[in-house]
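Note sheet for the following structure.
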Amino acid sequence: MSITQRWGKKTVSGWALTNGGGKMNLQIKLISCLLHYPDESLLEWLPSLREVLNEIENVADRDTYDQIITYFETTSLIQLQEQYTETFDLNPSSCLNLTYHRWGDTEKRGPALVHLEEIYLKAGFQRIGSELPDYLPLVLEFISERPDAAISEIIPLYGEVVGTLAERLRQADHPYALLFEQLVDILGSYEVTVVSQAEAMNPKVLF
């Protein structure tokens, strides 16, 4: 469920909403938290997640997360769990394993999973828990900590998958659709920001 940094004492927890990586990274980690399977611990953390909203400057973004958190607060736990399982565990077309949406259960999926694992290890992170390395909440947690590593190898491959999931949930009028639409916008912003930074550091020379 989490990624732990292999060197030093820093632990990246699915529920640890540190903002060391910037405001967009904070939103990515917030989305990662909200996309985990809803259990008692998630409900206990809702007040803390609400406090995080105060750090989001954009009013529209803040209102979006407020709607989602309100949904969690006003829906029974059993209903949240049933809906999550029905949507993300039992329905392959909306599962949260990104490689499945690109390669299904073909022989290409295995190398893709290994590739993700290698990206994590190269960046200094070791996956813990039973989830596969392409599990979206885990991928988002990594992106929130290392967007520089994710922008070149993860977002180009799987950003389109997130967009497809967002559209499917929107068409189904699903409560999680807002969360995925927000994620699509943020991943797009990540790419623009990182590319702009790269161009600033390596300006083109015109002759």
- [ ] Please specify each residue of segment 166-180 satisfying the condition of being crowded, with 17+ Cβ neighbours inside 10 Å and assigned to a helix (DSSP H, G or I).
- [x] Ala166, Leu169, Ala177, Leu178, Leu179, Phe180
Task: Any chance Ser152 is in a helix (DSSP H, G or I), out of contact with any Gly (no Cβ under 9 Å at 6 or more places or on another chain), free of Cβ contacts under 8 Å to residues at least 12 places away in the same chain and surrounded by fewer than 17 Cβ atoms within 10 Å (Cβ to Cβ) - done: yes
Open item on the list: Could you check segment 51-64 and list, in sequence order, the residues that are touching a residue at least 12 places away in the same chain (Cβ under 8 Å) and surrounded by 13 or more Cβ atoms within 10 Å (Cβ to Cβ)?
Closed with: Val52, Leu53, Glu55, Ile56, Asp61, Thr64
Task: Residue pairs meeting the criteria (Cβ under 8 Å; at least 6 apart or on separate chains; first among the aromatic types (Phe, Trp, Tyr), in segment 121-142; second assigned to a loop (DSSP other than H, G, I, E, B) and at pLDDT below 95) - done: Phe125/Arg6; Phe125/Arg146; Phe142/Ala123; Phe142/Ile154
Open item on the list: Given the criteria β-branched (Val, Ile, Thr) and under 20 Å from Leu165 (Cα atoms), does Val139 qualify?
Closed with: yes
Open item on the list: Looking at segment 19-33, I want the residues that are within 18 Å of Leu46 (Cβ to Cβ) and among the acidic types (Asp, Glu) and have a partner that is at pLDDT 60 or above and in a helix (DSSP H, G or I) with Cβ atoms under 6 Å, at least 6 apart or on another chain. Which pairs are those?
Closed with: none
Open item on the list: Being of a type in the set (Gly, Ala, Ser) and in contact (Cβ under 8 Å) with a residue 12 or more places away in the chain narrows it down to one residue among Ser76, Ser48; which is it?
Closed with: Ser48
TODO: Quick one: in segment 67-106, of everything that is outside any helix (DSSP H, G or I) and among the polar types (S, T, N, Q), which residue is surrounded by the most Cβ atoms within 10 Å (Cβ to Cβ)?
DONE: Asn97
Open item on the list: Can you go through Gly163, Gly159, Gly129, Gly188 and tell me which one is more than 29 Å from Asn58 (Cα to Cα) and either of a type outside the set (A, V, I, L, M, F, W, C) or surrounded by 14 or more Cβ atoms within 10 Å (Cβ to Cβ) (or both)?
Closed with: Gly129
Open item on the list: Looking at segment 130-139, can you tell me whether even one residue there is in a loop (DSSP other than H, G, I, E, B), more than 20 Å from Ile155 (Cα to Cα) and of a type in the set (Gly, Ala, Ser)?
Closed with: yes
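The values are calculated or read from the model by the stated rules, or taken from the named source; none is laboratory data. Bear in mind the structure is a predicted one, so any value in this text is a computation, not a measurement. With ideal geometry, Cβ positions are generated from the backbone for all residues, glycine too; neighbour counts draw on all protein chains shown.
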